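Below is one structure; the comments refer to it alone.
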Amino acid sequence: MYESTRGNLSGQSASQAIALGMVPSGGLFVPATFPTLDWQELRGLAYREVAKRVMMPYLTDFSESTLDEIISIYSEKTFDGPNPAPLVSVGNFGVLELWHGPTSAFKDMALQVLPDLLKVSLKQIDLDAEVLILVATSGDTGKAALEGFKNREGMHIVVFYPDGGVSHVQERQMTTTEGANTHVMAVKGNFDQCQAAVKKMFASESLKARLWEKRLVFSSANSINWGRLLPQIVYYFWAYLQAVEQGKVNPGAAVNVVVPTGNFGNLLAAYYAKRMGLPIAKIVCASNKNNVLANFFATGEYQSQRDFFQTISPSMDILVSSNFERFLYEMSGRNADSIKEWYNPKNQGSFKVDPLTLQNCQDVVYAGWADEEETLATIARSFKMYRYVFDPHTAVGVKVYEDYYAESRDQRFTIIASTASPFKFAPSVLIGLEGIPEKPRDEWQALEDLSRLTGWPIPSGLQSLDKKKARRVELYSAAGIEEALLKLFA
Ligand SMILES: *Cc1c(COP(=O)(O)O)cnc(C)c1O
C-alpha cells in the first residue's frame with residue numbers, strides 16, 4: 001500500500017498511486033513499507049526476471065502474467081543488445097550504461113514500462129476516461145516519454161520544454177516524434193518555470209473540470225510518478241549482480257553508487273534498493289553548477305531561491321528537485337508533519353531541516369558538485385586515461401566521485417550510473433576532448449566527428465535525425481500554456 005509524504009492520504013493501491021501520479025491534495029506517494037529481497041536469489045537471472053522479482057512485491061494488485069507482459073519490453077528489440085544495462089569496467093570503477101534504449105538516455109529504462117503500468121492501473125481503478133499525460137522536460141524525459149506513449153490507445157501526451165533550454169539534438173528528437181497522440185510545446189523561461197507552469201495545470205480544478213467534460217484526466221510521466229521510480233530500482237540490483245559476476249566485488253560486500261542528479265529520482269531508486277537489502281554503502285549525489293543539493297547536504301538548508309545556470313549538463317539544471325521530498329520523508333523518520341512544514345508553499349521552496357534529519361541524510365549520501373570547466377576536464381582526462389567517453393552528466397558524477405575518493409580513501413568498488421550516451425551531447429563532449437573550435441560546430445557534424453574520434457557508432461536513434469521531418473513547435477509564455485492545451489483538446 002502507498003501513503004502520502006504529507007500524511008493526507010494512505011492505504012492506496014499501486015494502481016491508484018500510478019494512475020494519480022501525485023497526491024491530489026499535495027504530497028507524493030511512497031510505499032508504506034519496503035519489501036526485502038535477497039540479491040543472491042537473483043543470480044543468473046535475465047534482466048526481465050530480475051525486474052519481475054524487484055517490482056512484483058510493490059504491485060500486489062497486478063497479476064503475474066500482466067507484469068510478465070509489461071517487462072517483456074526489456075528485449076533486444078527495444079534496447080540494443082541482450083543486456084539493457086551493461087556494467088562496463090573503466091579504470092577501477094564500474095560504469096552502469098543506462099542509455100541503450102531508443103532515446104539514448106537512462107529515462108528509457110522506466111519510460112518504456114510506464115505506459116503499460118499506467119494502462120493497467122487505469123483499468124484496475126475502473127476509470128472511464130482517456131488519459132492526458134503532461135510532461136515538463138529539461139531535455140531527456142520529453143523524448144523518452146513521447147517514445148513510450150506514442151500511438152497508445154486511450155492516451156495523449158503533451159511535452160513542454162524550456163525554449164533554448166535543451167540541446168538541438170534533444171529538441172530535434174522531440175520534434176521528429178511520430179504518433180497521432182503526441183504533442184510538443186516550447187515555453188518561454190527556464191526548466192523550473194516550465195515545470196512550475198505544468199504543476200499549476202495539474203493543480204487547477206477548473207482546468208480539470210473542463211477536461212473532464214471531454215472525458216480526459218491528467219496523469220504524469222515525470223519522475224514523481226511511482227511508475228517511473230519502481231523500474232529504476234531494478235537496475236541497481238542488476239548492476240550489483242554484474243559486479244559479482246565479473247569478480248569486482250566479493251558476494252555480499254557493499255558497493256558505492258554514484259548518481260548524476262537533478263530531480264532526485266535516479267538517486268532515490270538507489271536508496272530504495274538499499275532499503276530492500278541490496279549491499280550499498282555510500283550513495284554519491286553529483287550536481288552541476290546548480291548545486292542546491294550539494295549545499296543542502298552541507299548545511300541542512302534547501303535554498304531554491306537562487307540564480308539558475310544553463311549548463312552543458314542540461315538535464316540536471318534543476319533547482320526544485322521534486323523527489324527530494326520522498327528522501328526527506330525517510331530521513332526524518334517518516335515525519336509527515338515536518339514534510340508539510342518544509343514544503344509549505346509560504347516557504348517558496350526554501351527551508352531548513354532539523355539536525356537529526358540532516359545527520360541521517362549525510363550518513364546515507366555524500367554530495368558534491370562540479371562546474372563546467374571541471375566537467376570538460378573530466379571528459380578529456382577520462383578519454384586520455386581509459387579511452388572511454390563520458391557524456392557531461394556522467395562526467396559530473398565521475399568528478400564528484402573523484403572528490404569523494406580523495407576525501408575518504410574509501411576503497412569499496414564503486415558503480416557510476418551513466419545517464420546518457422555522449423552522442424546526445426556531442427558538441428560539448430568535443431569541446432572537452434578537443435577544445436573550443438574556431439567556429440561553432442554543427443550538431444550533426446559533431447555526431448560524425450565524435451564517432452570518428454572514438455570509433456564508437458552513432459546510436460541508431462540519433463542517426464539521420466537531421467534529415468527527418470520535424471513538426472513545427474509553437475512558443476508559449478508560461479501563462480499561456482493552459483489555454484493552448486484547452487485549444488488542442490477542444
Ligand atoms: C534526467 C537526467 C538526469 C537526472 O536524473 P534525476 O532522476 O532527475 O535526478 C541526469 N542525467 C541525465 C542524462 C538525465 O537525462
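Structure notes:
- The stretch 256-344, accessible area per residue, ligands and nucleic acids excluded (1.4 Å, Å²): 27 Å²
- Apportionment of accessible area to carbon and sulfur, the chain, percent (1.4 Å): 48 percent
- Rolling a 1.4 Å probe over the heavy atoms of the protein chains gives the stretch 180-229 an accessible area of 40 Å² per residue.
- Distance violations [Cα-Cα > 29 Å] among Lys77/Lys200; Lys200/Lys399; Lys119/Lys214: Lys77/Lys200; Lys200/Lys399
- 222 nm mean residue ellipticity, helices alone, for the chain (DSSP H n ≥ 4; -39,500 (n - 2.57); rounded to 500): -12000 deg cm²/dmol
- When the pairs Lys143/Lys384; Lys150/Lys439; Lys208/Lys469; Lys248/Lys282 are compared against a 26 Å limit on Cα-Cα distance, Lys143/Lys384; Lys150/Lys439; Lys208/Lys469 fall above it.
- Lys/Arg +1, Asp/Glu -1 at C-beta; the stretch 386-490 dipole; positive extreme among Ile416, Leu462, Ala478: Leu462
- Loop chymotrypsin sites (Phe, Trp or Tyr not before Pro), the stretch 422-490, which have at most 16 other Cβ atoms in a 10 Å radius of their Cβ (DSSP): Phe489
- The residues of the stretch 116-179 have, on average, 33 Å² of accessible surface per residue, using a 1.4 Å probe with all protein chains present.
- Multiplying the residue separation of Gln359 and Lys208 by 0.36 nm and subtracting their alpha-carbon distance yields 50.3 nm.
- Ratio Rg/Rh [Cα only; Rh per Kirkwood] for the chain: 0.93
- Under the convention that each Lys and Arg Cβ holds +1 and each Asp and Glu Cβ holds -1, the size of the dipole of the stretch 1-59 around its Cα centre is about 120 debye.
- Beta bridges per DSSP with both ends in the chain, % antiparallel, nearest 5: 25 percent
- Cα gyration tensor category, rounded, prolate or oblate, for the stretch 93-181 with a/c compared to 1.5: oblate
- The stretch 372-474: trypsin sites (Lys or Arg not before Pro) in DSSP loop, at most 11 other beta carbons within 10 Å: Arg387, Arg409, Lys469, Arg472
- Subtracting the Cα-Cα distance of Arg43 and Glu373 from 0.36 nm times their residue separation leaves 114.7 nm of extension gain.
- Placing unit charges on the Cβ atoms only, positive for Lys and Arg and negative for Asp and Glu, gives the stretch 299-422 a dipole magnitude near 280 debye about its Cα centre.
- Taking every Cα-Cα distance in the stretch 373-490 and sorting them into 5 Å bins from zero, the calculated P(r) comes out as 2, 10, 16, 16, 13, 10, 11, 9, 7, 4, 2, 0, 0 percent.
- Cα centroid separation, the stretch 306-373 to the stretch 387-424 (Å): 21 Å
- Sparse-neighbour loop sites [GluC sites (Glu not before Pro); the stretch 33-96; at most 13 other C-beta within 10 Å; DSSP]: Glu76
- Across the stretch 1-140, C-alpha contacts under 8 Å between residues 6 or more apart give a mean separation that, scaled by the residue count, equals a relative contact order of 20 percent.
The values are calculated or read from the model by the stated rules, or taken from the named source; none is laboratory data. Everything quoted here is computed from the prediction, not taken from an experiment. In this analysis, Cβ positions are derived from the backbone assuming ideal geometry, glycine residues included, and neighbour counts consider all displayed protein chains. Heavy atoms of the whole protein, side chains included, go into the accessibility calculation; ligands, DNA and RNA do not. Shrake-Rupley method; radii C 1.70, N 1.55, O 1.52, S 1.80 Å.
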